[in-house]
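The values are calculated or read from the model by the stated rules, or taken from the named source; none is laboratory data. What you see is a predicted model; the values in this text were computed from it and never measured. Cβ coordinates were reconstructed from backbone atoms using ideal geometry, including for glycine residues, and neighbour counts include every protein chain displayed. Surface areas here come from the heavy atoms of the whole protein model, side chains and all, with no ligands, DNA or RNA. Shrake-Rupley method; radii C 1.70, N 1.55, O 1.52, S 1.80 Å.
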Amino acid sequence: LGAERRARLPPGQMGWPLVGGMWAFLRAFKSGKPDAFIASFVRRFGRTGVYRSFMFSSPTVLVTTAEGCKQVLMDDDAFVTGWPKATVALVGPRSFVAMPHDEHRRIRKLTAAPINGFDALTGYLPFIDSTVTSSLRAWADHGGSVEFLTELRRMTFKIIVQIFLGGADQATTRALERSYTELNCGMRAMAINLPGFAYRGALRARRRLVAVLQGVLDERRAARAKGVSGGGVDMMDRLIEAQDERGRHLDDDEIIDVLVMYLNAGHESSGHITMWATVFLQENPDMFARAKAEQEAIMRSIPSSQRGLTLRDFRKMEYLSQVIDETLRLVNISFVSFRQATRDVFVNGYLIPKGWKVQLWYRSVHMDPQVYPDPTKFDPLRWEGHSPRAGTFL
């Protein structure tokens, strides 16, 4: 970098050769004290909001303030996606984690319609309702204890597969679930392709996952060639049909990588957040009573002629919405995301050199006492009448 540019870098420590700061990072998360990693930088270098280290095999700047994260996320000229090698290899090079900005925008536009909006959500509600109800009954009839997170992930996976691969049979769903669970274990691991490391097992799982999805794709394309319709239209059908203004269709690699990415975004996060919301309500009986009373009031207001819940009923769930937002703040499933500088740029007065990776520590923003008073306290009412400032709720 040269002496002049090096002097303008954020404070920090590059750590051991090759490994960098990864041992401290992994130790903090494995110990159950994830905030200890960033706290060690604050303790040694003060609250500068940006620090340098060597992470996931790259020189990296860690950004921990709302203003810094907002700047990096909004500046598409100075920053592009910069996910670790392991994540890109496992989710896929044709997914959002590796796409250029314009392509990202195009694919996002094509794929958002099937999973957002009033019509889409109204169409999914009956299946979600019946799947949750049948899952709860099965757990109750089990007669003993169940592994709650395992069952929640199974339930959310069933819902996500229905949305993306509507007609998938039970064997296909189980095969996808097994492979995806193993793949996810290596998503943020170091890219070490040796026996015994999570990344190696995850690469194997991705190959199995791709094979299953390719098989479904081949069946769909063969059925279309014969003019056979499978009934409802799901995410895979929409991706097969999608075309840009030049009439170009997505190829199989693009469709598969987008599906793997959405499986990750929709299934893993939903299962974990549902688990944590349940844990927090169990730990706070007064909050549990209030959330339950709200649900009972909504149930009483539903006319006898109506079957199941509607989006109008969901919009009445004001306190439950606050519980979920507070769970997302305190747990923050996406605790960090990754960008890369395309040119020299300054954040908080410090230089991020061209080519360096940037880690945005959302969790540090959510646990900042200047943004959220008493941040370790679970308090859904902090969201009552509160609209978070841009960049403070990520």
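Considering only residues that are within 18 Å of residue 11 (Cα to Cα) and crowded, with 20+ Cβ neighbours inside 10 Å, which ones fall in the range 351-380?
Within the range 351-380, 351, 352, 356, 357, 358, 359, 360, 361, 364 meet the criteria.
I'd like the residue in the range 291-312 that is over 29 Å from residue 112 (Cβ atoms) and in contact with a helix residue (DSSP H, G or I) (Cβ under 6 Å, 6 or more places away or on another chain) and, out of all such residues, is surrounded by the most Cβ atoms within 10 Å (Cβ to Cβ).
Checked the range 291-312; the qualifying residue surrounded by the most Cβ atoms within 10 Å (Cβ to Cβ) is 291.
Looking at the structure I just gave you, is residue 40 open to solvent by less than 40 Å² (accessible area, probe 1.4 Å), among the hydroxyl-bearing types (Ser, Thr, Tyr), out of contact with any helix residue (DSSP H, G or I) (no Cβ under 6 Å at 6 or more places or on another chain) and farther than 24 Å from residue 87 by Cα?
Here the answer is yes, as residue 40 does meet what is asked.
Just the residues that are polar (S, T, N, Q) and over 11 Å from the mean Cα position of the chain (by Cα), please, taken from the range 265-279.
Scanning the range 265-279 gives 274, 278.
Can you find a residue that is in a loop (DSSP other than H, G, I, E, B), of a type in the set (Asp, Glu) and open to solvent by 30 Å² or more (accessible area, probe 1.4 Å) anywhere in the range 77-86?
For the range 77-86, residues in a loop (DSSP other than H, G, I, E, B), of a type in the set (Asp, Glu) and open to solvent by 30 Å² or more (accessible area, probe 1.4 Å): present.
Of all residues in the range 59-76 being of a type in the set (Asp, Glu) and outside any helix (DSSP H, G or I), which is modelled with the highest pLDDT?
Top of the filtered list is 75.
Quickly run through the range 141-169 and pick out the residues that are under 23 Å from residue 221 (Cβ atoms) and either part of a helix (DSSP H, G or I) or not acidic (Asp, Glu) (or both).
Result: 160, 161, 162, 163, 164, 165, 166, 167, 168.
Assuming residue 294 fulfils every condition listed in (1) modelled with pLDDT under 95; (2) farther than 18 Å from residue 148 by Cβ apart from one, which condition is it?
(1)
Counting only residues that are acidic (Asp, Glu) and not in a helix (DSSP H, G or I), which one in the range 239-259 is modelled with the lowest pLDDT?
So, considering only residues that are acidic (Asp, Glu) and not in a helix (DSSP H, G or I), the one modelled with the lowest pLDDT is 244.
List every residue pair whose Cβ atoms lie under 9 Å apart, where the two residues are 6 or more positions apart in sequence or sit on different chains, the first residue falls within the range 343-363 and is over 14 Å from residue 5 (Cα atoms), and the second residue, located anywhere, is surrounded by 15 or more Cβ atoms within 10 Å (Cβ to Cβ) and basic (Lys, Arg).
From the range 343-363, the pairs are 357/339; 358/339; 359/339; 360/339.
Among the residues in the range 28-45, are any touching a strand residue (DSSP E or B) at 6+ places or on another chain (Cβ under 7 Å) and within 30 Å of residue 259 (Cα to Cα)?
no
Looking at the range 127-145, which of its residues are open to solvent by less than 60 Å² (accessible area, probe 1.4 Å) and over 26 Å from residue 165 (Cβ atoms)?
Matches in the range 127-145: 144 only.
Of the residues 95, 31, 57, which is among the hydroxyl-bearing types (Ser, Thr, Tyr) and open to solvent by 80 Å² or more (accessible area, probe 1.4 Å)?
Only one candidate passes the filter, namely 57.
Out of 119, 75, I need the residue that is more than 30 Å from residue 310 (Cα to Cα) and either out of contact with any helix residue (DSSP H, G or I) (no Cβ under 7 Å at 6 or more places or on another chain) or not hydrophobic (A, V, I, L, M, F, W, C) (or both). Which one?
Unique residue meeting the criteria: 75.
Of the numbered conditions (1) open to solvent by 60 Å² or more (accessible area, probe 1.4 Å); (2) outside any loop (DSSP other than H, G, I, E, B); (3) farther than 29 Å from residue 42 by Cβ; (4) not polar (S, T, N, Q), residue 385 fails exactly one; give the number of that condition.
Of (1) open to solvent by 60 Å² or more (accessible area, probe 1.4 Å); (2) outside any loop (DSSP other than H, G, I, E, B); (3) farther than 29 Å from residue 42 by Cβ; (4) not polar (S, T, N, Q), only one is false for residue 385: (2).
So residue 334 passes all but one of these: (1) crowded, with 17+ Cβ neighbours inside 10 Å; (2) in a loop (DSSP other than H, G, I, E, B). Which condition number does it fail?
(1)
Please work out which residue is farthest from residue 25 (Cα to Cα), limiting yourself to the range 60-76 and to residues that are among the aliphatic types (A, V, I, L, M) and either touching a Cys at 6+ places or on another chain (Cβ under 6 Å) or open to solvent by 30 Å² or more (accessible area, probe 1.4 Å) (or both).
Across the range 60-76, the extreme among qualifying residues is 74.
Condition test on residue 184, is it in contact (Cβ under 8 Å) with a residue 24 or more places away in the chain and either under 30 Å from residue 121 (Cβ atoms) or surrounded by fewer than 16 Cβ atoms within 10 Å (Cβ to Cβ) (or both)?
Yes.
Do you know which residues across the range 101-144 are among the basic types (Lys, Arg) and under 30 Å from residue 253 (Cα atoms)?
105, 106, 108, 109, listed by residue number.
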